[in-house]
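Written out below as structure tokens is the structure these notes cover.
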Amino acid sequence: MNTIKLERVQYMPKELAPGILYVSEKYAVAGHLCACGCGNKVITPLGPAEWSFTERGGMPSLWPSIGNWQLPCRSHYIINQGRIDWAGAWTDAQVLSDRRAEQRRREAYYASTQPTGILGQAWQWLMRTLRRLFRR
């Protein structure tokens, strides 16, 4: 497969069709069948610390690349304005290094969303207190 079309959905369909990127912006998720043709579903969460989705002229793009390292095909590609741009295979060491880097980026992003200073401390205290109250 060399191209992929966009279909906006609210919910992911049970059966995915080849050559279609299904995007639910409401639930911040995209899904498609692996571009190599193996038939496996590939689901990608969308968000600031995950994949980003853009559309230009009806053509979808996802970034960063899709690395299906857990699948037997181990395919690796980028969806770029409706095109499948194939990327090179990665070694297990490269995959592990990238997963660690992804985790650091997520941690940095979520840490940056936390309030800081005296106001941040007061907010965190209030949230901890409310959580304790509502657990009872």
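The values are calculated or read from the model by the stated rules, or taken from the named source; none is laboratory data. Because the structure is a prediction, the values reported are computed rather than measured. Don't worry about glycine lacking a Cβ; one is built from the backbone with ideal geometry, like all the others, and counts go over all protein chains shown.
What the table shows:
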| read-out | value |
| --- | --- |
| The stretch 10-40, residues that are in a strand (DSSP E or B) and out of contact with any His (no Cβ under 8 Å at 6 or more places or on another chain) | 23, 24, 29, 30, 31, 32, 33 |
| Qualifying positions in the stretch 71-96 - polar (S, T, N, Q), free of Cβ contacts under 8 Å to residues at least 12 places away in the same chain and surrounded by 11 or more Cβ atoms within 10 Å (Cβ to Cβ) | 94 |
| Single match in 67, 58 (criterion: within 21 Å of residue 10 (Cα to Cα), touching a strand residue (DSSP E or B) at 6+ places or on another chain (Cβ under 7 Å) and at pLDDT below 95) | 58 |
| In the stretch 20-47, residue surrounded by the fewest Cβ atoms within 10 Å (Cβ to Cβ) [restricted to those that are in contact with a Leu (Cβ under 8 Å, 6 or more places away or on another chain) and without any contact (Cβ under 8 Å) to a residue 24 or more places away in the chain] | 39 |
| Tabulated pairs, the stretch 98-121, first over 20 Å from residue 66 (Cβ atoms), second in a helix (DSSP H, G or I), C-beta under 9 angstrom, 6+ apart or interchain | 114/120; 114/123; 114/124; 115/121; 115/122; 115/123; 115/124 |
| Single condition residue 59 does not satisfy, out of (1) within 25 Å of residue 112 (Cβ to Cβ); (2) surrounded by fewer than 18 Cβ atoms within 10 Å (Cβ to Cβ); (3) in contact (Cβ under 8 Å) with a residue 24 or more places away in the chain | (1) |
| Meets criteria (surrounded by fewer than 17 Cβ atoms within 10 Å (Cβ to Cβ), modelled with pLDDT of 95 or more and touching a Phe, Trp or Tyr at 6+ places or on another chain (Cβ under 8 Å)) for residue 13 | yes |
| Criterion (assigned to a helix (DSSP H, G or I) and either loosely packed, with under 10 Cβ neighbours inside 10 Å or touching a helix residue (DSSP H, G or I) at 6+ places or on another chain (Cβ under 9 Å) (or both)) met by exactly one of 131, 99 | 131 |
| Test: residue in the stretch 35-43 that is in contact with an Asp or Glu (Cβ under 9 Å, 6 or more places away or on another chain) and modelled with pLDDT of 95 or more | no |
| Flag for residue 81 being within 30 Å of residue 19 (Cβ to Cβ) and modelled with pLDDT of 95 or more | yes |
| Residue within the stretch 9-16 that is on the phi > 0 side of the Ramachandran plot and within 18 Å of the chain's Cα centre (by Cα) present | no |
| Only one of 33, 96 that is of a type outside the set (D, E, K, R) and out of contact with any strand residue (DSSP E or B) (no Cβ under 8 Å at 6 or more places or on another chain) | 96 |
